[in-house]
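Heads up, the thing below is written out as structure tokens.
The values are calculated or read from the model by the stated rules, or taken from the named source; none is laboratory data. Worth saying up front: this structure is predicted, and the values here are computed from it rather than measured. All Cβ positions, glycine included, derive from the backbone under ideal geometry; neighbour counts span all protein chains shown.
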Amino acid sequence: MSIKLLAIKFNHDPNSHHQDALNIRRNASEEIQAPEWVRGMSQPEDSLAAYALKEITGNVITIQAKFERLDPLINQVYIQATNPPPKLLPQSFWKWLQQIIEKYPWVKYFLLWLWFIGYGKNVMGEVKDTLVTFDPSGESEYVPFELQYHFLLKRGIGRHPMEWHWQYRLQPNTPWTSFDISKHLIFTVLQVPTGPWTQQPYPDLQNPWTEVLDRACQWAAFQSNATSTAGAITQYVNEKLGLAYDTAHGASKYTDLANNFKLSDFLNYLKTGAGLGNIVNCTDCATIVTTFANAVGCDLMASRMQWDFELTDIKAIGSSIWDRPFADDSFAYHEVAWTGTGGAGDPIFDACLRVDGDDNPWGPPGGSPHSELLPKDMPFTTLANPVKIPLATPFTANSYRERLCANTAGGIPNCQAAGPRIGTYNGRRRVI
Amino acid sequence: MISQAHSDHRNKVKERYGFAAWGGKTRGPEAGLTRNFLIPWKYLSPFKVERQEVTPVSLREGREVTYIFISPEAPKDERLLIRVWECDGVATAHEALIDVVMTFMATSLPPCSSLDLEIGDVCFGSHGNRQVAMIFARNNLLIDIRSLGLRKLAVSSYAAKLDQLIGGDLRNFLVMEPKDSKPVSFEFQLSSDTAGVDGEIVVKVAAADPGVKDFMVLLLGTGGTFMPRGEDFVFLAKTLGSHLLRIIAVNEEGQVAQQERTIQVA
């Protein structure tokens, strides 16, 4: 081997993310700085980078890489990196696939989609061949390389392990010689993460954490717009994390009185089941959805409705029954992930509970039939104030408040959009 | 800036929690103040401390200590979260209780008296059949204790034990006191042994051994109230007569030292 790959920078310009990777960190304690890959790293998880799809659209993406020559006679070489060679599948697989397509013709379109998004290929495509010059010490500078044939924009949000096979040649038109393999884990997000996440200053605790991206990119894999992304994350938080509602107090575990999100504890819960446990309230759910969705490019805020409103039957997170969690059938307040300015007409995402989506959400406690509806992209209310109570049935509006609250003077009218809690950085609690 | 609506709502919450009946009041004959609160490691045995975090400035500018205690047999399933806020006096602790319950989605909580529990100066339990979470104030401390693990533990016995600790009942320490650990050595000075009604006596407490670890100080006394002032404390004399001031120091290993002084309020 005459050439060695020494290091790769994905985020080679921390002041911009239009041609290179975002400013990120691993978690509360570990920063990530370029070069993200150095010789000796062997697993994709060792080398992390994230790209904002909106910002890179239309731009040539570049990385920078550094090399060492082992043969002192080599002063210049052409270097490129390619996809790994395709895996050869046995004949039996193709026969089986043919049978599947005959039985289910739609599989053809699925395969076509896989081909379109470059399934099985590096999300970052290939590194275009570039002339690299070595200095007398035998090392190159960091050399800019353009990427070609990448699938970043086609894949939407995602978590993409990949590997580049590095090759060199001394002259154009001579055969390539392989010399190294580098493995990376690439995250793709819709746009530059929004609050609490920041790009500047860097490094900073509020730079996006890859431990969050790692999960959010899986929860919202392949999504390509903010609404579907927020919906996917809301659904995942509601159904898949083992969280349950605090029917004792309705107290938050993962936010503190200084309005921070105890994200390290929450990640610990996701990893080990411990952390601060699985019992949560609405503030926790709203903050989790906001923080994870905004990490992948949504623009939500945890915002409130208040005060002291009577409830109709709901199905709280982690519960299998329709109920009203507290003895007085009321909530003091409720907090959800909210879009826009957190106004009455702005849609909300609520991972904390399901409402009754049928045409009579106000039956007696535990009495009426219910049609489960997880509030995703649902207007807080479609009714103008003041609301004349009781509302008539059948009630068919896609209106969150009316499906959350009792159809009484102490219910729907008491539940008013109030905006984010003071001190929460406009509903984007800082992470610790 | 607190809005009028917020202030109105806070008053409504106070009313709902019966604040007028307990706000600023303590139970028992002694006034008490705790500084540098800590739960000795073995105090909730067999539970052991998994985590202890101190936030120097938290609710109402007081210090906050958060503990996670775990059962050695089922560390994931049986866990307790205990948060302690140290306030500058009883009245502040009670306002802080209102601050905390206002972050709860439940509009109100059952008072412990309705659950046949006598804990703290004021105490509230859980909705539901099991007391899996409680919040109470004793003297200048506000304590929130809740079951954290997958197995829902009733926390009332632990709350009662912590209340006993703050109340100065040290029998449990003396039982568990490790024989080979170093006792707390501290000095306790009064600016005077006498004071008039509404007069002040400055109380200074310092470790005699500079190598000693952090220790908790409990100040107990009749005939007046304590309040912190900088690094020291002040006893505000209220009742004529001879009164006993007790200063108790406890370290993390559960070692206890106690000193007493009689003062005259004339």
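A search for C-beta distances below 8 Å between a residue of the range A:83-112 that is in the same structural domain as A:Glu126 (by TED's automatic domain parsing) and any residue that is surrounded by 10 or more Cβ atoms within 10 Å (Cβ to Cβ) and of a type in the set (S, T, N, Q), counting only pairs 6+ apart in sequence or on different chains, returns A:Asn83/A:Asn122; A:Pro84/A:Asn122.
Quick grid of which residues meet (1) within 22 Å of the chain's Cα centre (by Cα); (2) not assigned by TED's automatic domain parsing to the domain that holds A:Thr408:
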{"position": "A:Val212", "(1), (2)": "yes, yes"}
{"position": "A:Thr247", "(1), (2)": "no, no"}
{"position": "A:Leu270", "(1), (2)": "yes, no"}
{"position": "A:Val289", "(1), (2)": "yes, no"}
{"position": "A:Glu310", "(1), (2)": "no, no"}
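Kindly provide the set of residues from the range A:274-313 that are farther than 22 Å from B:Val101 by Cβ and within 11 Å of another protein chain (Cβ to nearest Cβ), ordered by number. Selection gives A:Ala274, A:Gly275, A:Asn278.
For the range A:102-124, a residue qualifies if it is of a type outside the set (A, V, I, L, M, F, W, C) and within 22 Å of the chain's Cα centre (by Cα), and the qualifying residues are A:Gly118, A:Tyr119, A:Gly120, A:Lys121, A:Asn122. Taking first residues from the range B:13-24 that are more than 19 Å from A:Trp307 (Cβ to Cβ) and away from every other protein chain (no Cβ under 14 Å) and partners that are among the aliphatic types (A, V, I, L, M) and surrounded by 14 or more Cβ atoms within 10 Å (Cβ to Cβ), the Cβ contacts under 8 Å between residues at least 6 apart in sequence or on separate chains come to B:Trp22/B:Val122; B:Gly23/B:Ala91; B:Gly24/B:Val90; B:Gly24/B:Ala91. Of the numbered criteria (1) charged (D, E, K, R); (2) under 25 Å from A:Leu373 (Cβ atoms); (3) crowded, with 19+ Cβ neighbours inside 10 Å, the one A:Lys240 fails is (3). In the range A:34-64, what residues are assigned to a loop (DSSP other than H, G, I, E, B) and hydroxyl-bearing (Ser, Thr, Tyr)? Answer for the range A:34-64, where residues must be assigned to a loop (DSSP other than H, G, I, E, B) and hydroxyl-bearing (Ser, Thr, Tyr): A:Ser42, A:Ser47, A:Thr57. Identification of strands (runs of 3 or more DSSP E) wholly contained in the range B:59-170 with 2 or more residues that are within 12 Å of another protein chain (Cβ to nearest Cβ) and crowded, with 23+ Cβ neighbours inside 10 Å yields B:79-86, B:133-138, B:141-147.
Residues are listed down the side, and each one gets a yes or a no for (1) part of a helix (DSSP H, G or I); (2) in contact (Cβ under 8 Å) with a residue 40 or more places away in the chain; (3) not aromatic (Phe, Trp, Tyr):
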position: A:Lys154; (1), (2), (3): yes, no, yes
position: A:Trp164; (1), (2), (3): no, yes, no
position: A:Pro193; (1), (2), (3): no, yes, yes
position: A:Ala221; (1), (2), (3): no, yes, yes
position: A:Ala230; (1), (2), (3): yes, yes, yes
position: A:Thr234; (1), (2), (3): yes, yes, yes
position: A:Leu267; (1), (2), (3): yes, yes, yes
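Of all residues in the range B:227-266, which are more than 20 Å from B:Pro183 (Cα to Cα), in contact with a Leu (Cβ under 8 Å, 6 or more places away or on another chain) and either of a type outside the set (Phe, Trp, Tyr) or surrounded by fewer than 17 Cβ atoms within 10 Å (Cβ to Cβ) (or both)? Within the range B:227-266, B:Met227, B:Pro228, B:Leu245, B:Arg261, B:Thr262, B:Ile263, B:Val265, B:Ala266 qualify. Of the residues making up the range A:71-93, just one is modelled with pLDDT under 90 and either surrounded by 13 or more Cβ atoms within 10 Å (Cβ to Cβ) or more than 30 Å from A:Asn173 (Cβ to Cβ) (or both), namely A:Leu89. Does any residue of the range A:318-326 turn out to be in contact (Cβ under 8 Å) with a residue 60 or more places away in the chain and touching a helix residue (DSSP H, G or I) at 6+ places or on another chain (Cβ under 7 Å)? So far as the range A:318-326 goes, no, none of its residues is in contact (Cβ under 8 Å) with a residue 60 or more places away in the chain and touching a helix residue (DSSP H, G or I) at 6+ places or on another chain (Cβ under 7 Å).
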